[in-house]
Amino acid sequence: MGEGVVERMRGPRAYAAFIGIGLAAGLLSGLFGVGGGTVIVPLLVLLLRFDQRLGAGTSLAAIVPTATVGVISYAAHDAVAWIPALILALGSVFGAQIGTRLLPRISQTALRWGFVAFLVVVIVSLFLVIPSRGAGLELTWVTAPLLLVVGLFTGILAGLIGVGGGIVVVPVLMLGFGTSDLIAKGTSLLMMIPTAISGTFGNLRHHNVDLLAAALIGVSACTTTALGAWLATLIDPRFGNILFAIYLVVIAVQMSMKAIRGRRIRRA
């Protein structure tokens, strides 16, 4: 890493940027049950000249404290399905290993367009299906293996294109399992913790984590995650679906732009 890049990543402006990124990521994490990586990574890359791998590794480390505070906040409202979350996490950890091994063999452009298509289906469904606040997540002989498959699929996607688990898990639990929006978000955040810890150890071995940046972002995010979770309990589920759909549109646009850029680079 060049000297000039290091200078841009340190100093008062950089520290202020880390804190601002953390505050925004924490609010979204608590509100939607996502890790916040979709905010952290692009802002680190655009504002602070992080390369993509360092940004992703730093984001993953920052998610650990953020998701922990989110889980505590949702647990206070009895909105965490503990055993299902661990099943999802188990599938996700193994899936991420599969995804990273498949990475060199699959077209990133095709994957991104496929994920955009998935997001479009989810966005439309969010306007058709409104989750009931009283609906739980029952663990049965049918749902347990299905949760493992969802976790595996989520992990594979994370390994292939670097998307966070919450973007997949929250809508799948709401739309596929009929779970309350709050339980879907709380369970998603709990699932992320072991996955993020596992990924962070791997990234540390490959020097893909800026620990100072991760600490500043993570601690800052913790101050707004509880606020986001509290707001989620106040928002009507229908309006919550609309807000989540808007968030997914932003992700879909980001992914489409990456797919278009990737296609242009391949042609050049």
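Sub-6 Å Cβ pairs linking a first residue in region 249-268 that is closer than 14 Å to GLN108 by Cβ and among the hydrophobic types (A, V, I, L, M, F, W, C) to a second residue that is modelled with pLDDT of 85 or more and in a helix (DSSP H, G or I), at least 6 apart or interchain, are MET255/VAL116; ALA259/TRP113, ordered by first then second residue.
Counting only residues that are in contact (Cβ under 8 Å) with a residue 60 or more places away in the chain and of a type in the set (Gly, Ala, Ser), which one in region 192-214 is surrounded by the fewest Cβ atoms within 10 Å (Cβ to Cβ)? Only one residue tops the list, namely SER198. Residues in region 175-191 that are at pLDDT below 90 and either on the phi > 0 side of the Ramachandran plot or surrounded by 24 or more Cβ atoms within 10 Å (Cβ to Cβ) (or both): GLY178 alone.
In the set (1) surrounded by fewer than 23 Cβ atoms within 10 Å (Cβ to Cβ); (2) in contact with a helix residue (DSSP H, G or I) (Cβ under 7 Å, 6 or more places away or on another chain), the condition left unmet by PHE239 is number (2). Put simply, of VAL6, VAL45 the only residue that is in contact with a Gly (Cβ under 8 Å, 6 or more places away or on another chain), surrounded by fewer than 20 Cβ atoms within 10 Å (Cβ to Cβ) and at pLDDT below 90 is VAL45.
The values are calculated or read from the model by the stated rules, or taken from the named source; none is laboratory data. Not measured: the values here are computed from a predicted model. Reconstructed Cβ throughout: ideal geometry from the backbone, glycine too, with neighbour counts over all protein chains shown.
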